[in-house]
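Below is one structure; the comments refer to it alone.
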């Protein structure tokens, strides 16, 4: 069972899950790729200079160690950024929106769908072409605005969230209507009984209507 599944309550299911677009890793890829290239170029240049000067083998050994350390630094930073990117998820369940991030120390932000007041979608020109954008979820909670940046396919996420919110609101309205009807049945029966006593309806009509009302509870 995944971390997110452990957070969900009984009967709660996932509608859609997403994460940041791969474009979020572009800056890390460029920076760490540049570090790797610089380390390799320095190794070649310095190796040639040291060879021409005729330095001892110990210098070459130290140069090789420094080169490996530089390569590990660049590749390791890129790998860590990829893991962090993978750990950050944006999820819509049947009840809420969940944003979770962190590899070792987890951080989770929940927003109930009932408290979502508005959703702002921002997509740049390249965002529309590559399929990413920012979602700002305005809620009535203490968080205020939940920002999901550089999300992959934000339109599908927004649509699923609003559809589930509407569905949740419809189910809530139906439950409230049922509760209101349940509470009004005794009042309706009393009114029918008053009409029967005044001779407006017969005993048979009263019993028939009473049976119909009770059958709908």
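Every number here is computed from the coordinates shown, using simple stated rules; none is lab data. The structure presented is a predicted model; accordingly, all values stated were derived computationally and were not measured. With ideal geometry, Cβ positions are generated from the backbone for all residues, glycine too; neighbour counts draw on all protein chains shown.
With a/c under 1.5 counting as rounded, go ahead and sort the stretch 26-139 into rounded, prolate or oblate using the C-alpha gyration tensor (a ≥ b ≥ c being the square roots of the eigenvalues; past the cut-off, prolate if a/b is larger than b/c, else oblate).
prolate
Which FRET efficiency value, to the nearest 0.05, do you get for residue 73 and residue 30 by plugging their Cβ-Cβ distance into 1/(1 + (r/R0)^6) with R0 = 22 Å?
0.90
Take residue 159 and residue 57, extend 7 Å from each Cα along the Cα→Cβ direction, and tell me the distance between the two endpoints in nm.
6.7
If I stretch the segment between residue 128 and residue 45 completely, what's the gain in nm (0.36 nm per residue apart, minus their alpha carbon distance), one decimal?
Computed gain between residue 128 and residue 45 is 25.5 nm.
Subtracting the Cα-Cα distance from 0.36 nm times the residue separation, let me have the gained length for residue 4 to residue 80 in nm, one decimal.
Fully extending the segment from residue 4 to residue 80 adds 25.3 nm.
Sorted by mean Cβ packing within 10 Å, highest first, what order do the peptides 110-119, 90-99, 36-45, 4-13 take?
Going by the mean number of other Cβ atoms within 10 Å, highest first, we get 90-99, 110-119, 36-45, 4-13.
Quote the relative contact order of the stretch 1-140 in percent (integer), defining contacts as alpha-carbon pairs under 8 Å separated by 6+ residues.
24
Which of the peptides 55-65, 77-87 is most tightly packed, and how do the rest follow, going by the mean number of other Cβ atoms within 10 Å of each residue? Mind dumping the intermediate values first?
On the way: 55-65: 11.0, 77-87: 14.6.
In decreasing order of mean packing, 55-65, 77-87 become 77-87, 55-65.
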